[in-house]
1. Can you sort A:Ile197, A:Ile443 from fewest to most other Cβ atoms within 10 Å of each residue's own Cβ?
2. Starting from the amide H of A:Val295, placed 1.01 Å from N in the peptide plane, find each other amide H under 5 Å away whose residue is 5 or more places distant or on another chain.
3. Cα-Cα over 32 Å: which of A:Lys102/A:Lys241; A:Lys177/A:Lys241; A:Lys189/A:Lys405?
4. With θ set to phi - 60° and the Karplus curve 6.51 cos²θ - 1.76 cosθ + 1.60, what are the ³J(HN,Hα) couplings of segment A:327-342 in order, to the nearest whole Hz, using x for Gly and Pro?
5. Evaluate the relative contact order of segment A:431-562 (contact order divided by residue number), counting alpha-carbon pairs under 8 angstrom at least 6 apart; express in whole percent.
6. Near A:Ser191, within a Cβ-to-Cβ distance under 14 Å, what is the net charge of the other residues, with Lys and Arg +1 and Asp and Glu -1?
7. Under the √(5λ) rule applied to the eigenvalues of the Cα gyration tensor, what semi-axes describe the equivalent ellipsoid of segment B:26-156? Give them in Å, descending.
8. In a shell of Cβ-Cβ distance under 14 Å around A:Asp133, excluding A:Asp133 itself, what net charge do Lys and Arg (+1) and Asp and Glu (-1) give?
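Nothing in this text is a laboratory measurement; each read-out follows from the coordinates by a stated rule. Keep in mind the model is a prediction, meaning the values are calculated, not measured. Every residue, glycine as well, gets a Cβ built from its backbone with ideal geometry; the counts of neighbours run over all protein chains shown.
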Amino acid sequence: MITTRPETFDAIVVGSGAGGGFAAMGLAEAGMRVLLLERGRRFEPRRDFPMNHPDWELRPRAFRDTEVPAGGDASLVLEDGVALNPRYAHLRSSSTPGERSKASHRTPFRYERVFGLGGTTLHYQGEAHRFSDHAFRPASLYGFGVDWPVSYAELAPYYERAEHVLGVAGDAANPFKPSRGPFPTPAHKLSYASQRIAAGAANLGWALLPNSLALPTRSIDARPPCQRSGGCVQGCIFGAKSSVDLTAIRRAEGTGRLQVQTESRVLALEMGQDGRVDGVVYRRANSDYRVRGRVVLLATGAVETPRLLLASRSSSQSNGIANSSGLVGQFFMETLLVEVTVRFDDRIDAYRGPPIDSRIWNFSRPGRDGSVRSGYVLGVSGTLGGFHGPMSHALLLPGLGRAHKDAMRSRFGTSVTLFGIAEQEPRAGNRVTLADSKDSDGIPLARVQAAHSEADLLALDAMLTRVKELGQAAGAVEVLQQGTTYDVPAASHIGGTCRMGGDPRASVVTAYGRSHDVPNLFITDASVLPGQGAGDSPSLTIQSLALRTAEHIVTLARRREL
Amino acid sequence: MFPLRATRRAFLGSVLWISLLWRRPDPALAQSNVVAPLDPPTREILEAVVNAIVPRDQDPGALDAGVPARILSHLSTHPEALKLYQAGLELVDRLARQSGAPSFRALEGPERERILLALLNAPDDSREAGGLFLTRVRRDVLAFYWGSAVGQAVVGYRPPLSGYLDYANPPVETRRSRP
């Protein structure tokens, strides 16, 4: 039985991550009454996050997906990936020097879902990038991917607003980025480990520059500045990281017009006879509810959003809601990533400081590196690769006994991970569809089909070469491990599965995130991104687009055009 | 947006494993005379195995960090793991006796390591319960030891409880000892 709630909200936002939280803030601050539905719970940093304990490495993350069964994922069908191209066997991942995986197929695509108020910003590392202006016009400029229906100039004011909400720390003097005013807070100094890598980069003619981060260097909204604990992934115990729950959602709640309802999983969208979303059905504490809103905004991510649309069929939309183009779920973009952990002869303790405090943008324009079509960026991380605390380090070192203990004493704190991340050109064959099997709530599981093109493999190859050059130039003495998405997919920057565009036959939503088919349905997550910003992190762009969508909704409401 | 991925496979596995493993030690077990899931002779073999994986030397070892109590606490609520441990501990003791020693406990450190490494490094296709046990017990001991304050002190690691405001400076040598 479904209980229908008596009230009708101006807007219902489904999902409270980067897009949902900012959309809710934009709407509530403009005077709309908003319901925000979040599947997970609300977290209190000091109480809930493991790094508040000395033995934090032994404790599970508070907000991981607790429904994931051992070896599986509750929302995805896990299937063998595509066959690996043997010409690129040198890209295989390896956690032991000289030893490579022997698998013939990619591992199944899976991803770490984050259930909790704030969504993936609970575990993100605070990277807050404006995409470069060229990233909005890759087809026109480089014949790569598709042009966006929105330009950098149009998005710039929303970027600025989002940066102020987050207190982004950065250095405006980045020659690879559009000119801009000062960041809300000054850039972090480079960590000691990054200083060592920067010297190597300079020898190669590359510039390792401070990253722009939603880790404020000054107190913002009574929150402390970043304490450089390196613990963003586990959840910031200081509440310093500008996750969406502590920033946009807190502001929205301050208006008195946002109702946050956690531990509420949306099961379906119900369509009315008029072709509009008539109700949102959700489950909370084993009871089902229907709630109505004048507009509905989906913000559950690049897999869950198309999954919900495809699963919410109606008599008039048997192909899934908002899917007259047939493109819901199509153009899935995964993450093209390489990471190489290198060791120095001396102690650098790279776990200290913001987790990704520096980046190299020399190759961020497509075509800057020989025959590689993608733009890509390189970076330094003290925590990627698993070499964070002693426990993870010990588990990655081989052997046992005296030799292992000696190796720990001589090697702990001497490693750092260098990575590269490239834009994947969207292709129709890569997609999210529905499987026959269903989850415990009766919703069909998602099936992710993701294969590499030759251009993707060339990009991985180039980045692997570059990060190894970088390590060598910086004085590293050994490669401890390499990981690439050649054989093991990654999901940190996925998107594209409900792409925005001007042509209803070639896109799912408009430049404002509004469905071409359903006038009161909007999407404000990574699904709408037509590209990946040449390797930059997408969260700030998602947040800025969400603010723009919210403003558009308010405008339409005032004109009575919703 | 860049979640920690370790070697993705290893990391995803370890997240699940840590969630299974994580449980506060039973205070009675931690106090230590209580044995619960293993009989006293088997517990002694466990302690010998634990001490072989992270031995006591110029720095404290896994026994000093209370690792057996953590493992016993876990085994008391995980029957499948208990079965694996019981079979594995019986096997290492049998291998020690086959080599002419009265028991695994009676072996010197290097001999203990030799038996454990042989099991750990057996080829994948010939691995039986012994290899699975070694993989498991190695992981448990390393995690409980290096995740503890005792292990952290050995490598001069400060947990991030108050952040690292010295992050831009060269590290200060705080190791307990050098190899």
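1. On the way: A:Ile197 28, A:Ile443 20.
Fewest-to-most ranking of A:Ile197, A:Ile443: A:Ile443, A:Ile197.
2. Long-range HN contacts for A:Val295: A:Ala11, A:Ile12.
3. Values: A:Lys102/A:Lys241 40 Å; A:Lys177/A:Lys241 24 Å; A:Lys189/A:Lys405 34 Å.
Beyond 32 Å: A:Lys102/A:Lys241; A:Lys189/A:Lys405.
4. Going residue by residue, I get 9, 5, x, 7, 6, 4, 10, 8, 9, 8, 9, 10, 9, 10, 9, 10 Hz, with x marking Gly and Pro.
5. Working: 123 pairs, mean separation 19.6, N = 132.
Relative contact order comes out at 15 percent.
6. On the way: positive: A:Lys189, A:Arg196, A:Arg228, A:Arg347, A:Arg352, A:Arg359; negative: A:Asp349, A:Asp357, B:Asp166.
Surrounding charge for A:Ser191 is +3.
7. On the way: eigenvalues 96, 63, 44 Å².
Working from the Cα gyration tensor, I get semi-axes of 22, 18, 15 Å.
8. Values: positive: A:Arg130, A:Arg137, A:Lys177, A:Arg180, A:Arg365; negative: A:Asp147, A:Glu154, A:Asp536.
Summing Lys and Arg as +1 and Asp and Glu as -1 gives +2.
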